[in-house]
Amino acid sequence: MPLRVPASPVRSLLRKTITAGLQAADPFQAVLRAVSFTGASLRVGRRRYDLSRYDRVIVIGAGKASARMAQALESLLGPRVDGGLVVVKRGHGTRTKRIEIAETGHPIPDRAGLRTGRRIKGMVEELTPRDLVIVALSGGASSLLPAPPPGVSLAEKQRTTRLLLRSGATIQEINVVRKHLSVLKGGGLAASTNATIVTLILSDVIGDDLGSIGSGPTAADPSRFADAIAVLRRYKIWNRIPESVRRHLRGGRRGLVPETVKPGARLLRRVHHEIVGNNRLMLAAAADAAQRAGFRTILLSTAITGEAQEAARRWAALAHLIASGNKPPLRRPCCVVAGGETTVTVTGRGKGGRAQEFAAAAALGIAGLPKVWAAALGTDGTDGPTDVAGAVVSGGTAAVARMMGVDLRRALKRHDTYPALQALGCHIATGPTGTNVNDLYLLLLP
Ligand SMILES: Nc1ncnc2c1ncn2[C@@H]1O[C@H](COP(=O)(O)OP(=O)(O)O)[C@@H](O)[C@H]1O
Ligand SMILES: O=C(O)[C@@H](CO)OP(=O)(O)O
């Protein structure tokens with residue numbers, strides 16, 4: 001799908017920055033930057049693998065961007081890839097030759113995911129130390145590759161996931177729970193095989209914590225069962241999750257269920273990780289494009305977090321500061337670029353996403369400021385469970401909303417920002433981008 005940005009004086013700048021950012025986050029290019037293959041030598045970052053010493057080279061993967069990562073590995077390694085299986089979100093698949101692509105459910109795991117999880121576990125279990133597994137990991141893996149422990153059904157895991165996603169917990173906290181409800185996460189994939197592992201990661205977690213991205217299937221996990229219980233209590237969902245899940249977690253805390261793989265574990269000596277792309281790289285490219293378009297540009301932060309509406313209020317405060325013209329931190333024409341990932345504590349049955357919630361709140365925050373635009377979008381192209389990437393609003397959006405009878409405050413209260421922003425013509429659509437490196441936030445003062 002081509003990039004769709006509403007008409008406005010900043011349309012061209014938006015197109016340039018978004019396109020540059022998405023290109024820099026392209027999983028195919030990201031893999032090619034980090035990996036090369038000459039003779040029998042596979043270079044991954046600073047590490048080299050002599051492939052003549054391995055019997056089989058298998059590509060396993062999970063995440064929204066993992067099909068494109070697999071494609072890049074195929075193009076590099078050609079027939080040296082003996083096969084593999086990579087799981088992506090429905091609609092995010094691409095054509096591959098040797099590596100099978102499976103499409104499963106996200107953000108709620110489904111039956112296809114369960115089947116694929118079992119197949120992947122079976123595939124790696126039979127490998128030996130003379131085999132090499134290349135793991136193509138990106139955000140979304142937690143849901144795409146469910147592997148509930150004995151005693152917990154898929155339906156029970158689905159319910160727990162639903163509650164967690166709406167609870168306002170951070171992705172790190174959510175994944176502390178998911179790691180303790182999975183036999184493949186929290187290092188479980190690495191523990192399931194004797195093969196050598198190199199994991200290529202397109203990160204969608206701020207700070208690139210290896211244990212959090214896709215719940216770290218090949219990474220150490222310092223968190224414990226007690227931490228998982230604490231997260232569920234903190235967000236007041238302990239009493240709402242299924243009894244089987246509580247039983248499993250309590251049993252784990254008492255030492256009746258094996259813990260996730262802990263830092264320093266011996267098995268991790270045959271595992272290496274390489275971050276091939278992340279939010280920062282995407283932001284740098286977007287900022288560069290704005291600069292080249294003649295805007296004074298700063299990359300303000302890679303860690304916009306917290307409730308989306310609050311983050312939007314801070315964003316609006318910055319807009320006021322710059323627009324005031326009174327010793328502004330940046331003079332027009334200027335562009336502020338930031339990244340990160342906010343959270344939304346969802347109540348009710350509204351339709352929206354983090355970026356749309358941010359944009360709608362920003363519209364109220366910058367109301368009345370002339371020639372100021374704020375945009376927010378998820379780089380995967382689907383903001384929350386919707387078909388748009390995000391939205392762009394201006395200092396005039398709130399007035400237009402009033403005129404049209406669109407109640408932005410009410411939309412925010414009900415977390416129902418999609419219909420409001422749609423009516424106002426503010427949506428930015430990219431279609432599924434094939435990548436996933438968190439969100440992009442822009443403040444534009446031409
Ligand atoms: N109606 C809504 N309004 C705002 N945000 C929502 C709504 N429904 C879900 N979300 C947010 O969408 C997130 C999941 O959507 P998604 O963009 O797929 O996340 P991710 O990119 O992390 O996988 C949830 O964490 C939740 O905060
Ligand atoms: O897979 C996951 O655990 C997370 C983080 O990597 O991704 P997403 O929020 O896209 O599901």
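Selection of the range 431-444 for residues being surrounded by 24 or more Cβ atoms within 10 Å (Cβ to Cβ) and either away from ligand 1 (no atom under 14 Å from the Cβ) or more than 23 Å from residue 314 (Cβ to Cβ) (or both) yields 433, 434, 435, 436, 441, 442, 443, 444.
Would the range 189-207 turn up any residue that is away from ligand 2 (no atom under 11 Å from the Cβ), open to solvent by less than 10 Å² (accessible area, probe 1.4 Å), more than 25 Å from residue 251 (Cβ to Cβ) and assigned to a loop (DSSP other than H, G, I, E, B)? Within the range 189-207, one or more residues are away from ligand 2 (no atom under 11 Å from the Cβ), open to solvent by less than 10 Å² (accessible area, probe 1.4 Å), more than 25 Å from residue 251 (Cβ to Cβ) and assigned to a loop (DSSP other than H, G, I, E, B).
Does the range 337-360 contain any residue that is at positive phi, in contact with a Pro (Cβ under 6 Å, 6 or more places away or on another chain), open to solvent by less than 10 Å² (accessible area, probe 1.4 Å) and of a type outside the set (Phe, Trp, Tyr)? No, because not a single residue in the range 337-360 is at positive phi, in contact with a Pro (Cβ under 6 Å, 6 or more places away or on another chain), open to solvent by less than 10 Å² (accessible area, probe 1.4 Å) and of a type outside the set (Phe, Trp, Tyr).
Applying the set (1) farther than 21 Å from residue 242 by Cβ; (2) within 16 Å of ligand 2 (Cβ to nearest atom) to residue 99 leaves exactly one unmet item: (2).
Condition check ((1) free of Cβ contacts under 8 Å to residues at least 12 places away in the same chain; (2) among the basic types (Lys, Arg); (3) within 16 Å of ligand 1 (Cβ to nearest atom); (4) not assigned by TED's automatic domain parsing to the domain that holds residue 68) across all residues:
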site	(1), (2), (3), (4)
126	yes, no, no, no
140	no, no, yes, no
149	no, no, no, no
163	no, no, yes, no
166	no, yes, yes, no
175	no, no, yes, no
188	no, no, no, no
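Restricting the range 345-363 to residues that are within 16 Å of ligand 2 (Cβ to nearest atom) and in contact with a Leu (Cβ under 7 Å, 6 or more places away or on another chain), the residue that is farthest from residue 398 (Cα to Cα) is 355.
Report yes if some residue within the range 74-85 is out of contact with any Gly (no Cβ under 8 Å at 6 or more places or on another chain), within 27 Å of residue 51 (Cβ to Cβ) and of a type in the set (Asp, Glu); otherwise report no. Yes, there is a match, as at least one residue in the range 74-85 is out of contact with any Gly (no Cβ under 8 Å at 6 or more places or on another chain), within 27 Å of residue 51 (Cβ to Cβ) and of a type in the set (Asp, Glu).
The values are calculated or read from the model by the stated rules, or taken from the named source; none is laboratory data. Keep in mind the model is a prediction, meaning the values are calculated, not measured. Every residue, glycine as well, gets a Cβ built from its backbone with ideal geometry; the counts of neighbours run over all protein chains shown. Just the protein is used for accessible areas: all its heavy atoms, side chains included, with ligands, DNA and RNA removed. Shrake-Rupley method; radii C 1.70, N 1.55, O 1.52, S 1.80 Å.
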